[in-house]
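The values are calculated or read from the model by the stated rules, or taken from the named source; none is laboratory data. Here the structure is a predicted model, which means the values were calculated and not measured. Please note: Cβ atoms are built from the backbone with ideal geometry, for glycine as well, and neighbour counts cover all protein chains shown. Each accessible area value is taken on the protein alone, full model and side chains, heavy atoms only, with ligands, DNA and RNA left out. Shrake-Rupley method; radii C 1.70, N 1.55, O 1.52, S 1.80 Å.
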Amino acid sequence: MIDERTEELASLHALDLLEGAELAAFETQLASDPQLQALVRELREAAAMLALTAPAAVPDAALKARVLQQIGQAQPRETGRNTILPFRLPTLIPWAAAAGFALVAAWLGQDLLATREEAANQRTEARLAQLVLRDTANRLEAERIVLNQQMDNSGRQLADTQRQLATTASEAAAANQRVAALNQQLKAEGDLAQFNISTLSSMLGNSPQAVAVAVWNPSRQEGLLAVEKLPALAQNQDYQLWVVDPKYQNPVNGGVFTVDANGVARVQFKADQPISAINAFAVTLERKGGVPKAEGPFVLLSH
Amino acid sequence: MALCYAYDSEMLLVPSCLPGSFAAYAIGSGGGHSPTKRMTDFTPSEEPGDRSRIDADLLQRVARGDRTAFTALYDRFSRPLYATALRILHDAREAEDIIQEVFLAMWEKAAVFEPGRGSAFSWAVTLTRNRAIDRIRMRKRRAELLTASSPEELGYASAGDEGDSADALSLKEKAVTVRAAVAALPADQQRALQLAFFSGLTQQEIADKLREPLGTIKARIRRGLLRLRDSLPQPS
């Protein structure tokens, strides 16, 4: 059974359209396949019939004369196999000589055939070697491609690992920041224990409900004062806060403030002098802008 | 018999003056109606097998130096071979040169012809075609030739100009059979085969010229040639 691909090659061969390696490969196959030979013969016959589809044309009559004249001057290169020549005795010697030459020629021919066979074998071996070489080259190329792919994969893995390391480092930094923040928070909470929180009570007979809370942060040397229900001030007056530190002979000025219509104030304050310990907070009523040393009446005083 | 073919604008063989019954026969398979009449129903003056045997016999006689046989062979082959060379070369003088070379080669090499490997006619066609294609490749005028116009414009003689010898009549009948078989092929297979046989183009060049993939062209050639083989009687 001849497959379609071989039929295709046989058709192209019948029309002399095969070339190069394709032709060589097909002729090798053809040489050992009688069925294929029969197919090619049939297709060549069919292809030759295409000549009859050419538009009818008659060659010049003079062409025939020229052709016949030309062959009149030439003999067929190889005479027919059926030619019988008469045997004559005088021709025996030349025939014997010819036979001798023929024997030598046969021996040489055999030698030549052997040489050709050897050459053919060598060509076959060379072809096989080429095939092996090509196979090896192909295998090496395949291995090279695989190695390249592996190297690419390793490179990608390395890059991934580096990215993961970078991510981990940034996460570690963030964690450190959080730890630092927590430490600060802990420290702050520790500082909070150091805070001085005092309640100030009213010293005024007309406003007994007035009250205030003072919170002092010794590490930052600042504090917060919240007051409620203090009487409203005249325009030329201010309330003034004092911090009583035993280190100083006089209370240290903590700044002036006013209250709103409801008698409320929230004041962040700093002392004029560094405070190391607090005995009490006091609020006095002073003239506008405050005074360096308490002069007015006490309004509030811590316990 | 008034049965003739012409090339249409695409160089396809089409029946140009078929009687009704033959027209249906010649193009039957293309329209989905399988012809019920086989190509071999023609009754040429020589059966295909006879013709092939006669050709082979003449060639063997030529191999022995028989000039009478050679003259007979010339009379049988010269017209189709010349028409082939002219179809390929589109030049009467060059076609005649080719024919002269081919017949001289047949005279000198008749002894190497092996009937078992094909018919004498096939051998002669191969000699002619190869020489003609070699010549167009040599003169590098393929591009001009491929754009050449219709056969009529190239000065082909009409079929009526042929002589009416027995050989000529037999050949005409054979040609009618072949042309009918080719005309019955699908147009794309006809085009591929005509270019493959007459143009001297390579497979790829045929594909380029027809603007089809190479695989399609190969398949068309295969199908067309197999179908042609099946349509034509094989020489014995």
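Pairs, please: C-beta under 6 Å, at least 6 apart or cross-chain, first residue within 14 Å of A:Asp16 (Cβ to Cβ) and open to solvent by less than 10 Å² (accessible area, probe 1.4 Å) and in the stretch B:113-136, second outside any helix (DSSP H, G or I) and among the small types (Gly, Ala, Ser)?
Listed by first residue and then by second, the contacts come to B:Ile136/B:Gly200.
Within the stretch B:45-63, work out how many residues are at pLDDT 90 or above and within 11 Å of chain A (Cβ to nearest Cβ).
Residues meeting the conditions: 5.
Scan the stretch A:57-70 and report the pairs whose first residue is in a loop (DSSP other than H, G, I, E, B) and whose second residue is open to solvent by 60 Å² or more (accessible area, probe 1.4 Å), with Cβ atoms within less than 7 Å and a gap of 6+ or a chain change.
A:Val58/B:Asp161
Quick check on my filter: what residues within the stretch B:82-123 are aliphatic (A, V, I, L, M) and more than 7 Å from every other protein chain (Cβ to nearest Cβ)?
Matches in the stretch B:82-123: B:Ala85, B:Ile88, B:Leu89, B:Ala92, B:Ala95, B:Ile98, B:Val102, B:Ala105, B:Met106, B:Ala120.
Which residues, counting only those in the stretch A:171-203, are closer than 15 Å to A:Ala214 by Cα, open to solvent by 80 Å² or more (accessible area, probe 1.4 Å) and at pLDDT 85 or above?
A:Ile197
Taking the residues in the stretch A:34-50 that are crowded, with 19+ Cβ neighbours inside 10 Å and either more than 7 Å from chain B (Cβ to nearest Cβ) or touching a Phe, Trp or Tyr at 6+ places or on another chain (Cβ under 8 Å) (or both) as candidates, determine which candidate is farthest from B:Arg79 (Cα to Cα).
This residue is A:Leu36.
With the requirement that a residue be more than 8 Å from chain A (Cβ to nearest Cβ), out of contact with any helix residue (DSSP H, G or I) (no Cβ under 6 Å at 6 or more places or on another chain) and assigned to a helix (DSSP H, G or I), what does the stretch B:205-222 give you?
B:Glu205, B:Asp208, B:Lys209, B:Leu210, B:Gly215, B:Thr216
If I go through the stretch B:64-81 residue by residue, how many of them are more than 8 Å from chain A (Cβ to nearest Cβ) and buried (at least 22 other Cβ atoms within 10 Å of the Cβ)?
Looking only at that region, the number is 3.
Hey, which of the strands (runs of 3 or more DSSP E) in the stretch A:197-303, taking only ones fully inside, have at least 1 residues that are of a type in the set (Asp, Glu), outside the structural domain of A:Lys187 (by TED's automatic domain parsing) and over 60 Å from the mean Cα position of the chain (by Cα)?
A:222-228, A:237-244, A:280-287
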